[in-house]
Structures are given as structure tokens and as C-alpha cells.
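The values are calculated or read from the model by the stated rules, or taken from the named source; none is laboratory data. Fair warning: this is a prediction, and the values are worked out from it, not measured in the lab. When we count neighbours, we look across all protein chains shown, and the Cβ atoms used for this are built from the backbone with ideal geometry, even at glycine. Each accessible area value is taken on the protein alone, full model and side chains, heavy atoms only, with ligands, DNA and RNA left out. Shrake-Rupley method; radii C 1.70, N 1.55, O 1.52, S 1.80 Å.
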Amino acid sequence: EEFLLISGNEISPRQPEDAVGPCGHIGCIPRSLVDFDVETPFTDRPMGSVSGGAALEQAKARNCFTIVNHPYAFAEWIVYDWSRFDYDGMEVWNGGGGGYDIFDQMSYEAWRCDLLSGRQVVPIGASDNHRVFTEPPGLLLHPALGWPHTAVFSVDKTWPGILAGLAAGQVYLAEGDSQIRIDGYDENKRRHEGAETRYLRIRGHLDSRAEEGGTLRVVHATACSDTRPAPGVAPAIEDAILYEEPITSGDFEVVLTVDGDVGVYTATVLTNAPTLIEGSRYAALSRAIQIR
């Protein structure tokens, strides 16, 4: 198999040791490998002098695909301050070692709120691995590399192709061998995502290590009460469950009829309810289908 390694960067401002409050860590992935500036340093210190928005501006000035990393978390100093909203992606699943947890769920709601507000934001899952040779699925504070990961649908195995798929939001997020895909079709069963969408096709796979199975859920979100920039409080989403059924490990596929109603459609497979400490193992989160 081919392995393509791309160097990125995280700009990591924080408050001084004796202060509290969010700043925000910004991920920077180069859009171009030809002219990306690798010489000029990013600035995230002195502590207390760089906001999350200022870090985001630096990454955008460097022509990065920008990601708000772990916008909600147990440590307030790594939480995003919501001083800017023009990021490209949001890490809705951060590998804390315990699976998809309650902080990831809060980030997931913020992402859906962005979509409902008209922003084009790509969901990201990343392992936040800091130690080599950690066996999957990892420990509570020491996640294994690639647990979780973002799978990107690309036309070829090149960085321009992968970046194009990522920027278009053609992704799913998962742990292990789990996966989930959602697609829209018109009344003639041709691929379509818009007002003429009449069918949603959800298919994927649940990792065989999820011994107790999981729950496949398809949700239609219609409105958001945005609490940001209040720290630690996730937006409240108005949504309805279109489908919810237990599944066992292995392949699954569901086709649902919809009427082109405006909103954001997403699908998830969770193996247990996210909590503060222990999350959902071997989960999978789809991209979104937006109907405006």
C-alpha cells in the first residue's frame, strides 16, 4: 500500500498558568505542497497574548486548510474561544483514548449548528496521538495513532485529490474497521443532494470487535440555538430521528424516503452512549447532506 505523509502544524495558544479561560488550538494542513511556507514560524506565545482567532488568521494567511481542534474538552485551556468562525473544518471527534465521548458530542453539535447557519464546515476525526507504540484502541489519555481517523473519498492517491475531497466534505469518521456513508438520490434514483432529494442511502460496516453491537441512527436537524461564544456550553439542536435500530457487527445498509425538507441529515453508529469518561468504541460518523 502507498503511504503519503503530509506535514501539518497545530498552533496552540494558551492562557498563563495562573489564568483560566479558552484560547483554542488550530490545525493547519497545507493546501499546496509546492509553495507552502515551511520557514516562517507560527506564533502562539507568550501565553495569554494569542487568541484562537489570531491563531486561525495565521493559518489562513499561510493558505492552510484550517481546523478547530477539540473545541470542547476537559481542559479549559485547549477549548476554542469562538473568536472567529471562518475555519474550514472542526474536529468533532478527538482521540482522548476513551472513544467518542461527551466532549466530542458537544463538538458534533457545534458542527451541525455551523451547517444550519450556512457555514461550510468539514467534520474531522483525529487521534491526537502523542506517544509511539500505543496499541489500539489506546488508553484514556494515550490514544493510539489513527483512533479515530478521517476517511476521505478522493479521485486518486495524490495530495491535490485528497485535499479536494476533504475540502468538499466527502468524508466519514471512524475507529478501527467501522465505516459509514450517506448519499442522496432523486426520484429517479440518481445521485442528488438538494431540493429534489427523495431517498437517503446509508451503508457501512461495524467493526467485529464491537462485540455488543451498536445503534444506527439517522437524524434530520432543522434549527440551532447557538450558545457560542459561551465556553463549555454546546449549541442546542432541534432535530428528529428518522431511523434508529440496533445493528450487529458486519455490513449494514438502509434506504430511507425523504421529501426534500430543508435541513441537515447525518448518520451515526454508536456502540454505547457517550459519557464524560468513557465514550463509544468503534463508532462511525457520516458527513452531512444539506438541503437548503
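If pairing requires two Cys Cβ atoms under 4.7 Å apart, which cysteines of the chain are left without a partner?
Lacking a cysteine Cβ partner under 4.7 Å: Cys23.
Can you check what the net charge comes to around Glu10, using other residues whose Cβ is under 11 Å from the Cβ of Glu10 (Lys, Arg +1; Asp, Glu -1)? Could the numbers behind the result be given before it?
On the way: positive: none; negative: Asp44, Glu91, Asp128.
Once all neighbours under 11 Å are counted, the net charge is -3.
Using a Gaussian network for the chain with springs between C-alpha atoms less than 10 Å apart, which of these wobbles most: Arg62, Arg203, Arg45?
Arg45
Springs between alpha-carbon atoms under 10 Å, Gaussian network over the chain: tell me which of Phe133, Phe74, Phe85 tops the mean-square fluctuations.
Result: Phe133 has the largest fluctuation of those listed.
Along the Cα→Cβ direction, 7 angstrom out, place labels at Arg190 and Glu10. What is the inter-label distance in nm?
About 4.5 nm separates the two model spin labels.
Once the other residues with Cβ under 9 Å from the Cβ of Arg201 are scored (Lys, Arg +1; Asp, Glu -1), what is the net sum? Each step should come with its number before you reach the end.
Working: positive: Arg181, Arg203; negative: Asp183, Glu253.
Spelling it out: positives minus negatives among the neighbours equals 0.
Using 0.36 nm times the number of residues separating Arg45 and Leu276, minus their current alpha carbon distance, what extension gain do you get? It would help to have the intermediate numbers written out before the result.
Details: separation 231, 0.36 × 231 = 83.16 nm, distance 3.02 nm.
Gain on stretching Arg45 to Leu276: 80.1 nm.
With the other protein chains left in place, how much accessible area per residue, in square angstrom, belongs to the chain at a 1.4 angstrom probe?
48 Å²
Gly48: net charge of surrounding residues, Cβ under 14 Å, Lys/Arg +1, Asp/Glu -1, itself excluded? Numbers along the way, then the final one.
On the way: positive: Arg14, Arg45; negative: Glu17, Asp18, Asp44, Glu76, Asp81.
It works out to a net charge of -3.
Let me have the relative contact order for the range 244-292, percent, based on Cα pairs under 8 Å that are six or more residues apart. All intermediate terms of the calculation are to be shown ahead of the outcome.
Working: 46 pairs, mean separation 18.4, N = 49.
In percent, rounded to a whole number, it is 37.
What is the chain's relative contact order, in percent, from Cα pairs under 8 angstrom and six or more apart in sequence? Each step should come with its number before you reach the end.
Values: 768 pairs, mean separation 45.9, N = 292.
About 16 percent, as a whole number.
When the chain is fully extended, how far beyond the present Cα-Cα distance does Glu253 get from Ala230, taking 0.36 nm per residue of separation? Could the numbers behind the result be given before it?
On the way: separation 23, 0.36 × 23 = 8.28 nm, distance 3.90 nm.
Full-extension gain reported as 4.4 nm.
Give the shape of the range 182-292 as rounded, prolate or oblate, defined through the alpha-carbon gyration tensor: a ≥ b ≥ c are the square roots of its eigenvalues, a/c under 1.5 means rounded, and otherwise the shape is prolate if a/b is larger than b/c and oblate if not. Don't jump to the answer; show the numbers that get you there.
On the way: a/c = 2.68, a/b = 1.10, b/c = 2.44.
Verdict is oblate for the range 182-292.
Which of these, Arg112, Arg190, Arg228, has the largest mean-square fluctuation under a Gaussian network model of the chain (Cα springs below 10 Å)?
Arg190
Round to a whole number: what % of the accessible area of the range 88-169 belongs to carbon and sulfur, probe 1.4 Å? Each step should come with its number before you reach the end.
On the way: 2180 of 3510 Å².
Ligands and nucleic acids excluded, carbon and sulfur reach 62 percent.
Give me the distance between the Cα centres of the range 108-157 and the range 195-245, rounded to whole Å.
One Cα centre to the other: 16 Å.
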